[in-house]
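The values are calculated or read from the model by the stated rules, or taken from the named source; none is laboratory data. Keep in mind it's a predicted model, so treat the numbers as computed, not measured. Note that each Cβ is placed from the backbone with ideal geometry, even for glycine, and that neighbours are counted across all protein chains shown. Side chains included, ligands, DNA and RNA excluded: accessible areas come from the protein's heavy atoms. Shrake-Rupley method; radii C 1.70, N 1.55, O 1.52, S 1.80 Å.
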Amino acid sequence: CKNQVKPLHFISTISVFAGTNQIILEDESLEINRSPVGGYTQSKWVAEKIVALAGDRGIPVTIHRPGRISGHSQTGACNPDDHTYRLIRGCIQLGSAPLDDSLVNLIPVDYTVRAIVYLSSQPESLGKTFHLFNPQPTPWNEIAESIISLGYSGEQVDYQQWRERLLSALETFPDNALAPLIATFAKQDTGNTEEGIEQQLAADNTNSGLKETGIVCPQIDQQIINAYITSMVNQGLIEAN
C-alpha cells in the first residue's frame, strides 16, 4: 500500500470456527469463536483479524477458507504427512482401523487450486470471504472399507480397542505413520478420528462465484481413494498389495 494499492488474497481455514455449533455464514464474525483450539487454527484466526484491519484501512482484501485439502483427484499426488494420509497409512501398517462413522470433509487439491485461482481473478470477489468445502462429505467407515476392498487387511474395531492396538504396536514398530500424532488420539472414545468441524457451513459466495464455471468439488469415491493409495505406493510410503 506504500506505492500502488494491491489486492490481498489470504488463505485461511474453515477451522477458525471449529467448536461452534451453528450455521456459519461466510461473512460471520470471528467473535463467535474467540477460543479456537490448536496453534495452527489460532494463528489463522489472528491473521484474519489482521487482514480485516487492512481492509478497514482501504486495502482490497479477500479471504479464502478451505477445508481439509486432500490429494489430486486424478494423479493422487498428496502431502503424505497430512493427518488424513498418516491415518490411512497407519491403519494399513497396523492392519486395523477404528470403527467410526464421523464425516471426513476432503477437498481435492486440484479443485481447491482451480476454485481459488478463478475466484481471486474476479474483481467482484474483492471484499468477500469464500468457504471451500466438500458438500458431499464421506463417512470414515466408507474410506476404511475402500482401503480394505483393495486387498489391505484392516479389521474395523471400536475406537478404544483400536487405540490399544496402536499403542501396543508402537512399542515394537515405532515407525508407524501415526507415531507423531499419538497425542491427538484421546483415551476415551471421541467418536471422531479425523479432525474437523461439526457445524454447518454456508457457501453462498463460493456457489455464486463458481456458478457455470464447471469448477465443482468431486465426491471422494473409490476411484479417488485408489489414486491416493497408488500415489503412496509409488512414493514408497506403503507396500503395494
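Here residue 80 fits the description: under 30 Å from residue 222 (Cα atoms) and touching a Leu at 6+ places or on another chain (Cβ under 8 Å).
Going by the structure shown, is residue 3 in contact with an Asp or Glu (Cβ under 9 Å, 6 or more places away or on another chain), open to solvent by 70 Å² or more (accessible area, probe 1.4 Å) and not in a strand (DSSP E or B)? Taking the combined requirement at face value, the residue does not satisfy it. Within segment 149-173, the set of residues being open to solvent by 70 Å² or more (accessible area, probe 1.4 Å) and over 17 Å from residue 185 (Cα atoms) comprises 149, 153, 155, 172, 173.
Taking every residue in segment 55-84 that is more than 21 Å from residue 206 (Cβ to Cβ) and without any contact (Cβ under 8 Å) to a residue 40 or more places away in the chain and pairing it with any residue that is of a type in the set (A, V, I, L, M, F, W, C) and not in a loop (DSSP other than H, G, I, E, B), at least 6 positions away or on another chain, the pairs with Cβ-Cβ distances below 9 Å are 79/69; 79/109; 82/69. Residues in segment 45-55: is at least one within 16 Å of residue 216 (Cα to Cα) and not basic (Lys, Arg)? Scanning segment 45-55, I find no residue that is within 16 Å of residue 216 (Cα to Cα) and not basic (Lys, Arg), so the answer is no. Among residues of segment 98-111 being under 11 Å from residue 133 (Cα atoms) and touching a Lys or Arg at 6+ places or on another chain (Cβ under 8 Å), the one that is most open to solvent (accessible area, probe 1.4 Å) is 105.
Test residue 60 against the criterion of being touching a strand residue (DSSP E or B) at 6+ places or on another chain (Cβ under 9 Å) and surrounded by 20 or more Cβ atoms within 10 Å (Cβ to Cβ), and give yes or no. Answer is no for this residue. Scanning segment 17-35 for residues that are open to solvent by less than 20 Å² (accessible area, probe 1.4 Å) and closer than 21 Å to residue 60 by Cα, we see that the one that is modelled with the highest pLDDT is 26.
Among the residues of segment 132-190, the ones that are assigned to a loop (DSSP other than H, G, I, E, B) and of a type in the set (Phe, Trp, Tyr) come to 4 in all. The condition (being open to solvent by 20 Å² or more (accessible area, probe 1.4 Å) and modelled with pLDDT under 95) is satisfied by just one residue among 114, 68: 68.
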